[in-house]
Each structure stands twice: as structure tokens, then as C-alpha cells.
1. So A:ARG9 clears everything in (1) out of contact with any Ser or Thr (no Cβ under 7 Å at 6 or more places or on another chain); (2) more than 25 Å from B:GLN6 (Cα to Cα); (3) in contact (Cβ under 8 Å) with a residue 24 or more places away in the chain; (4) surrounded by fewer than 17 Cβ atoms within 10 Å (Cβ to Cβ) except one condition, right? Which one?
2. Does A:GLN41 satisfy the criteria of being within 21 Å of B:THR101 (Cα to Cα), polar (S, T, N, Q) and not in a strand (DSSP E or B)?
3. Hey, which of the strands (runs of 3 or more DSSP E) in the stretch A:55-113, taking only ones fully inside, have at least 3 residues that are closer than 29 Å to B:MET48 by Cβ and open to solvent by 60 Å² or more (accessible area, probe 1.4 Å)?
4. Looking only at the stretch B:11-50, how many residues end up being surrounded by fewer than 12 Cβ atoms within 10 Å (Cβ to Cβ) and within 14 Å of the chain's Cα centre (by Cα)?
5. Identify, please: which residue in the stretch A:43-74 is under 18 Å from A:PHE104 (Cβ atoms) and of a type in the set (Gly, Ala, Ser) and is, among those, farthest from the other protein chains (Cβ to nearest Cβ)?
6. What strands (runs of 3 or more DSSP E) lie completely within the stretch B:25-112 and have 1 or more residues being in contact (Cβ under 8 Å) with a residue 12 or more places away in the chain and under 30 Å from A:SER58 (Cβ atoms)?
7. Tell me, please, whether a residue that is more than 25 Å from B:TYR39 (Cα to Cα), in contact (Cβ under 8 Å) with a residue 12 or more places away in the chain and either within 14 Å of chain B (Cβ to nearest Cβ) or in contact with a strand residue (DSSP E or B) (Cβ under 7 Å, 6 or more places away or on another chain) (or both) can be found in the stretch A:99-111.
8. What number goes with the only condition from (1) at pLDDT 95 or above; (2) open to solvent by less than 30 Å² (accessible area, probe 1.4 Å); (3) facing another protein chain (nearest Cβ under 10 Å) that B:ASP83 does not pass?
Amino acid sequence: GAGVSQSPRYKVAKRGQDVALRCDPISGHVSLFWYQQALGQGPEFLTYFQNEAQLDKSGLPSDRFFAERPEGSVSTLKIQRTQQEDSAVYLCASSFSVTGELFFGEGSRLTVL
Amino acid sequence: QKEVEQNSGPLSVPEGAIASLNCTYSDRGSQSFFWYRQYSGKSPELIMFIYSNGDKEDGRFTAQLNKASQYVSLLIRDSQPSDSATYLCAVPSYTNAGKSTFGDGTTLTVKP
């Protein structure tokens, strides 16, 4: 498809496990964003990339969270030693530019038991 | 005080009525404002954006911006049951445009 693709759509992890969430942006979109959305709340900014450069990671909750986009296309959000408070939907979005419309993927719902 | 605030609702209007959704923001330097619609269990999708003071119309949707009052609103005319969703206001940071702050959304229900 032509949209933003995220996988897995659903992930159940035991507390302490590491997880990796993948995002495949729309072809040609240079900007890629990660947001975290808790139930009943708006998306919270985590980090964003311009091509392969991570320009802002100020929203990452702790050093257990790590994101990369090594070739300026696919991105991976990694969460180490998951905790229950990490349970949320992780949304990836891409855009033609940093200031443009965000095109969101369907999200990856993480549940930490 | 949150950086972007919205009435959480729920807001319920009858079919055919006008729905009014409000958003206030704290960053006085903000230049652009986005409204996203999010259906239950789905991801947000853009409805409208506005940069200039005043009104911007697109079909049944009108965005209104008042930078002096730090207020942006979305009006939905002739509301339809398919408009039932959560509406999110998003404001990119003035100093870091890649970082958008979202409100918690207003849930709208349009009753047939």
C-alpha cells in the first residue's frame, strides 16, 4: 500500500522483555515521527528524524527507549526492559517536511504484563 | 496547565446541527495549527490546518484562528453520524517545528 506501515500491530510482552517496533514510511517522505498514545489521551511526541538524522529525541521517556532510521527510510523504535507503564499505542507518522501534515500509520499496540 | 487544551467532552449534537470544537494553546509564538480526526481504534487523519488569523473553510468544516487570544476552533456544519470521532488539535512548536503537541481531544457524537 501507499500508506505508513507499522508492525507488529499488536505486541504482548512480559515485563523486562525487549521489544522492537517497525515503521515503513510513505515513499519520499523525509521526515518521520514517533508518538506514544495512552488510552483517552492525545499522542505524545517521542522523537523525529529528518532522513537518517535524529533531530529531536527529547520526548523519549527514559534511556530504555531508542529509535533509529539508519538508511533514512524504515525506522525502528526499541524499548528495552519493558515496564507496565510502557503499555500504549505507538504511532509512527511521516511527512514531506518537518512542518507538514502528518500521515499516521495504524499504530502498534503494546501491552506489558 | 497543559500546552494544548481541549474540552474533553463528550460533545453530542443531533444530525444536521453545527458542532463546535475548541482548542487553546500556551505557546504564543506558534504559527500553524492542525485538526486531526481519530475514529475509535484508528489512527489520526488530517481534517484541516490553518496559519492565518480568521476563518478557513473546506466543505462542511471551518477552522477559526485568533492568535491574540491563543484560540483555535473547528466548526462542523450539517453534522453527520459519520463525523462521530475524537477530534485532536495539534500545535507544532515555534522553536522546533518537528515537535507537535496534541490536545487530549474532544469526542463528538452525532445522533441520527
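1. (1)
2. Values: within 21 Å of B:THR101 (Cα to Cα): yes; polar (S, T, N, Q): yes; not in a strand (DSSP E or B): yes.
Considered against the rule, which asks whether it is within 21 Å of B:THR101 (Cα to Cα), polar (S, T, N, Q) and not in a strand (DSSP E or B), A:GLN41 comes out as yes.
3. Details: elements: A:65-68, A:75-79, A:88-95, A:108-112.
The strands (runs of 3 or more DSSP E) meeting that bar number zero.
4. Here is the first cut: in the stretch B:11-50, the residues surrounded by fewer than 12 Cβ atoms within 10 Å (Cβ to Cβ) are B:14, B:16, B:28-29, B:40-41.
If we keep only those that are within 14 Å of the chain's Cα centre (by Cα) as well, we get none.
Adding up the residues that qualify gives 0.
5. Within the stretch A:43-74, the match that is farthest from the other protein chains (Cβ to nearest Cβ) is A:SER73.
6. Details: elements: B:33-38, B:45-50, B:54-58, B:61-66, B:71-76, B:85-92, B:100-102, B:106-111.
In the stretch B:25-112, the matching strands (runs of 3 or more DSSP E) lie at B:33-38, B:45-50, B:61-66, B:71-76, B:85-92, B:100-102, B:106-111.
7. Quick first cut of the stretch A:99-111, residues more than 25 Å from B:TYR39 (Cα to Cα) only: none.
No, that holds for no residue.
8. It is condition (3) that B:ASP83 fails.
The values are calculated or read from the model by the stated rules, or taken from the named source; none is laboratory data. What you see is a predicted model, and the numbers here were worked out from it, not measured in a lab. We place every Cβ from the backbone using ideal geometry, glycine too, and count neighbours over all the protein chains shown. SASA here: full protein model, heavy atoms, side chains in, ligands and nucleic acids out. Shrake-Rupley method; radii C 1.70, N 1.55, O 1.52, S 1.80 Å.
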